[in-house]
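This report concerns only the one structure given below.
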Amino acid sequence: MAVVAQVLQSEWTKIKSVRSTVWTLGLALVVTVALGALISAFTSSNFNQMPLKERVNFDPTFTSFAGMGLGQLAMIVFGVLVVSNEYSTGMIRTSLAAVPQRGTFLFSKITVAALVAFVIAMATSFVSFFIGQAMLADHRTSIGDAHVLRAVIGGGLYMTLIAVFSMGIAAMLRSPMLSLGILMPFFFIISNILGAVSATKKVAQYLPDQAGRKVMQVVTIADDAPYGPWGGFAIMALWVVAALAGGYAVLKRRDA
């Protein structure tokens, strides 16, 4: 246990001493809150001009999270940098020499980074909600309403899992450029295209981002996915476990 505690402390020191990781988390919070507030204000001012179906199915909670699509970009970058920075600088050899137990090394790094991401993600989710609801004015909801608190907590959990999933992918690919080159198109292009095409929509519903976003929704749409909020979250969690397992397998079998 003493070794694990020392490794955890070491990983915390690495994270807080690298400016890029600190700034990335700050950017995730600012961008998510600002964009969510802007879209919420725009939605409120144009609510009466929206189609009837959109007004009937309007989800004020999910609207306040409109900035998370861009905020998750920063979380992806954070997750990739936390793991792959040591590969790009060559420090991975020093780290593994100091901590030869590769499982201990990897999961200590991921544990510390996930906890940091969790704190920022939860703060981001709650701030986005309250500011977004203020911008929605007469169309707002309350955190005490049914399922709203679950959705707000789910927003923080979603962003956290996005970061952890990125860590697992980065551990497998061992390159920041390659990791970002795959994750960015996957989340921002491929997933959206698959979700928009009727032939692939049912498959896209089981992708990590589309399944995970379900936990942030309060209003259920009739033609939506065949699982509930926590079912979607569980699907996303399985993707994260698979990514971490792959990262561990690569680290264990390959030289630094």
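Return yes when Thr111 is more than 12 Å from the chain's Cα centre (by Cα) and assigned to a helix (DSSP H, G or I) and no when it is not. Write out each step before concluding.
Working: more than 12 Å from the chain's Cα centre (by Cα): yes; assigned to a helix (DSSP H, G or I): yes.
In short, yes.
For Leu251, the conditions (1) farther than 22 Å from Asn85 by Cβ; (2) touching a residue at least 12 places away in the same chain (Cβ under 8 Å); (3) of a type outside the set (Val, Ile, Thr); (4) in a helix (DSSP H, G or I) are fulfilled apart from (1). Being modelled with pLDDT under 90, among the small types (Gly, Ala, Ser) and surrounded by 16 or more Cβ atoms within 10 Å (Cβ to Cβ) is a description that does not apply to Ala171. Just a yes or no: is a residue in the range 190-213 over 13 Å from the mean Cα position of the chain (by Cα), under 18 Å from Gly67 (Cα atoms) and part of a helix (DSSP H, G or I)? Scanning the range 190-213 turns up at least one residue that is over 13 Å from the mean Cα position of the chain (by Cα), under 18 Å from Gly67 (Cα atoms) and part of a helix (DSSP H, G or I).
Could you count how many residues in the range 1-24 are under 19 Å from Val99 (Cα atoms) and of a type outside the set (S, T, N, Q)?
So the count comes out to 11.
Taking Thr111 as the residue in question, decide whether it is surrounded by fewer than 23 Cβ atoms within 10 Å (Cβ to Cβ), touching a residue at least 24 places away in the same chain (Cβ under 8 Å) and of a type in the set (S, T, N, Q). It is true that Thr111 is surrounded by fewer than 23 Cβ atoms within 10 Å (Cβ to Cβ), touching a residue at least 24 places away in the same chain (Cβ under 8 Å) and of a type in the set (S, T, N, Q).
Which residues, counting only those in the range 163-182, are assigned to a helix (DSSP H, G or I), of a type in the set (Gly, Ala, Ser) and in contact (Cβ under 8 Å) with a residue 60 or more places away in the chain?
Start the filter on the range 163-182 by keeping residues that are assigned to a helix (DSSP H, G or I), which leaves 163-173, 176-182.
Still in the running and of a type in the set (Gly, Ala, Ser): 163, 166, 168, 170-171, 179, 181.
Result: Ala163, Ser166, Gly168, Ala170, Ala171, Ser179.
Has the range 184-207 got at least one residue that is in contact (Cβ under 8 Å) with a residue 40 or more places away in the chain and more than 30 Å from Ser44 (Cα to Cα)? Before you say what the answer is, go through the steps one by one.
Step one: filter the range 184-207 for residues in contact (Cβ under 8 Å) with a residue 40 or more places away in the chain, giving 184, 187-188.
Adding the requirement that they be more than 30 Å from Ser44 (Cα to Cα) leaves 184.
Yes, the range 184-207 contains a residue that is in contact (Cβ under 8 Å) with a residue 40 or more places away in the chain and more than 30 Å from Ser44 (Cα to Cα).
Listed by position, the helices (runs of 4 or more DSSP H) contained in the range 1-83 that have at least 3 residues being at pLDDT below 95 and under 29 Å from Thr104 (Cβ atoms) are 2-17, 19-45. Here Val240 qualifies as buried (at least 16 other Cβ atoms within 10 Å of the Cβ), β-branched (Val, Ile, Thr) and in a helix (DSSP H, G or I).
Restricting to the range 84-94, name every residue that is on the phi > 0 side of the Ramachandran plot and part of a helix (DSSP H, G or I). None - no residue of the range 84-94 is on the phi > 0 side of the Ramachandran plot and part of a helix (DSSP H, G or I), so the list stays empty.
The values are calculated or read from the model by the stated rules, or taken from the named source; none is laboratory data. Since this is a predicted model, take the numbers as computed values, not measurements. Ideal geometry is used to build each Cβ from the backbone, glycine not excepted, and the neighbour counts take in all protein chains shown.
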